[in-house]
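Engineer: What follows is a single structure, and I will ask about it in a moment.
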Amino acid sequence: MKRYLIIALSALVLASCNKKPQKQEQTSETAKTETTIQEVEYKAPEFLSPDLAMQDLAGHVKSMEYTVSECDEKGQVLPSEGMSLFFFFNEKGSITKGYVSTKEEKGPKFIRNEQGQIKQTERMIAELNFTYINSFTYNPDGTVASEKVNGYEVSSQTTYTYDNGVLVSSIGEETGEGMTYKTRNTFKVLEVDSHGSWTKRMCTSDVTYTEQGNPNEEKQTTYAIEERKIEYYL
């Protein structure tokens, strides 16, 4: 499985599918499947709260389940282990809890700025005796401008680019474990619900990576399908 590092460490799904390269192999069944990727028209939602803006959600969201899976260039999901994250919001649109895979997780601690935006998350990993810290900056419209991760023996920084409030790309750099990764992600929204939130998106990642002591760069392009199941307050 690829390591969806920024997502996993923060326990907050933003818009970055930065990941370590791993060769994607098609099964014979997958190779026979023809899938056409069709991007749909998507307009930036009118956010009701800082946390909904951070998560690119429209409407009175009650909960969201986010899943990311490896796929091929045609959007066909490959047989591999995916990752799911869960988020809950109160009626004012503030995140009350977020966790990865299991409901038993305590979730991260949220530290907010004067505008009520989450400027930092802290997630203590007891078995490592280490606290993962994610720091965020924002654009004037409330969307995330950048994210910095201080992880266990690894660090990364990602900046996000928007077109009329819609995320179109991000650039991330990660160092750790003797490796350096530079990733450019581009996004295509494939499905949108009746509230104006996207529910399916494809991420294409062009990755360049080098190993410490080896000046030669290696390049790879990988793909992922991001899906969201969103529940709204009545």
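Derivation of every value follows stated rules applied to the coordinates shown; laboratory data play no part. Owing to the predicted nature of the structure, the values given are computational and were not obtained by experimental measurement. Positions of Cβ are generated from backbone atoms using ideal geometry, with glycine treated the same way; all protein chains shown enter the neighbour counts.
Engineer: Mind scanning LYS106/LYS229; LYS74/LYS200; LYS182/LYS229; LYS74/LYS97; LYS119/LYS200; LYS148/LYS229 and naming the pairs with a C-alpha gap bigger than 25 Å?
Structural biologist: Numbers: LYS106/LYS229 21 Å; LYS74/LYS200 14 Å; LYS182/LYS229 30 Å; LYS74/LYS97 34 Å; LYS119/LYS200 27 Å; LYS148/LYS229 27 Å.
Table pairs above 25 Å Cα-Cα are LYS182/LYS229; LYS74/LYS97; LYS119/LYS200; LYS148/LYS229.
Engineer: Using packing as a proxy for protection, rank 211-224, 153-166 so that the peptide with the highest average count of other Cβ atoms within 10 Å comes first.
Structural biologist: On the way: 211-224: 12.6, 153-166: 15.7.
Ranking, from highest mean packing down: 153-166, 211-224.
Engineer: Sticking with this structure for a sec: Using all Cα-Cα distances in segment 102-191, what percent lands in each 10 angstrom bin from 0 up to the longest?
Structural biologist: Calculated P(r), rounded to whole percents: 14, 37, 37, 12, 0.
Engineer: Show me the trypsin sites (Lys or Arg not before Pro) within segment 34-88 that DSSP assigns to loop and that have at most 15 other Cβ atoms within 10 Å of their Cβ.
Structural biologist: LYS43, LYS74
Engineer: To continue, here is another question. Calculate, axis by axis, the spread of Cα positions in segment 168-226 along the three principal axes, and write the results as whole Å, longest axis first.
Structural biologist: Extents along the principal axes: 52, 17, 15 Å.
Engineer: Under the rule of at least 5 residues apart or a separate chain, name every residue whose amide H is placed under 5 Å from the amide H of GLY107.
Structural biologist: Correct list: empty.
Engineer: If the only charges are +1 at each Lys and Arg Cβ and -1 at each Asp and Glu Cβ, what is the size of the charge dipole of segment 141-205 around the Cα centre, to the nearest 20 debye? List each step's numbers first, then the result.
Structural biologist: Numbers: 6 positive and 9 negative charges, 41 e Å.
Roughly 200 debye for segment 141-205.
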